[in-house]
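The values are calculated or read from the model by the stated rules, or taken from the named source; none is laboratory data. Given the structure is predicted, the values throughout are model-derived calculations rather than measurements. Here Cβ is always computed from backbone atoms with ideal geometry, including for glycine, and neighbour counts include all displayed protein chains.
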Amino acid sequence: MYTLLSGLYKQWTTKERYNVLVIGLDNAGKTTLLEKIKQIYNHVPGLPPEKIGPTVGLNIGRIVWQGAQLCFWDLGGQTALQQLWDKYYAECHGIIFVVDSCDSDRIKEVHDVLAQVVTTHDTEGVPILMLANKQDAPRALRLHDIKEVFNPLAVELDARDSKVLGISALCGEGVSESVDWMGTRLFLNKRHRPPATSQ
Ligand SMILES: Nc1nc2c(ncn2[C@@H]2O[C@H](COP(=O)(O)OP(=O)(O)OP(=O)(O)O)[C@@H](O)[C@H]2O)c(=O)[nH]1
Ligand SMILES: [Mg+2]
């Protein structure tokens, strides 16, 4: 009886877990986004923006979305730290690539870094969401211009689910739409990248 009950309990409380990698150049707003996601879904205050410094290690945030656990891995974007990203590719179920829409000088760099990510074998078939962040700033490039950066990558992106969305991680604009898009794609891609389980 005990075994049966504990088995049932385990079944009820076990959740599918999906890992979402949050990457992009330094200063793009990845950690700000993670804090906003935690704030919206976990109803916790989140770190104030002025307390967020450049990421050197890994920040992890977990939320429950439609009964599944989404585990966000926010990595540092500085050039030297980008070498660490590929250690996480094989284990991630989705990728959020954050772009600083205010930094038009680094748009070519954004393209080159993203090109590397999408042409790496371990990210094959993984849904990828590109977020044009800082859309609240008056000098931000508009979504249309940012999309042009991704057009040359269309062939690589074609074989997977991908989307470009404009957001403001600081204000929260577009953040839950981004999580919804990613969550839906993680479920749809389940056969290709099965979720882990966690209690
Ligand atoms: N205006 C505006 N500023 C933002 C937004 N998101 C982030 N920032 C600012 O951009 C700067 C960098 O934000 P972070 O979240 O630390 O950037 P990051 O991508 O995590 O940077 P690394 O950890 O170095 O890779 C901070 O000054 C943020 O306040 C946004 O949506 N709008
Ligand atoms: Mg960071």
Filter region 16-51 for residues that are in contact (Cβ under 8 Å) with a residue 60 or more places away in the chain, within 18 Å of residue 113 (Cβ to Cβ) and outside any strand (DSSP E or B) and give the result.
24, 25, 27, 28, 29, 30, 33
So which residues in region 66-87 are away from ligand 2 (no atom under 14 Å from the Cβ) and aromatic (Phe, Trp, Tyr)?
none
Verdict on residue 54 being at pLDDT below 95, over 16 Å from the mean Cα position of the chain (by Cα) and in a loop (DSSP other than H, G, I, E, B):
no
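Going through region 149-173 one residue at a time, which ones are in a loop (DSSP other than H, G, I, E, B) and crowded, with 19+ Cβ neighbours inside 10 Å?
Going through region 149-173, the residues in a loop (DSSP other than H, G, I, E, B) turn out to be 159-161, 167, 169-172.
Those that are in a loop (DSSP other than H, G, I, E, B) and crowded, with 19+ Cβ neighbours inside 10 Å: 167, 169.
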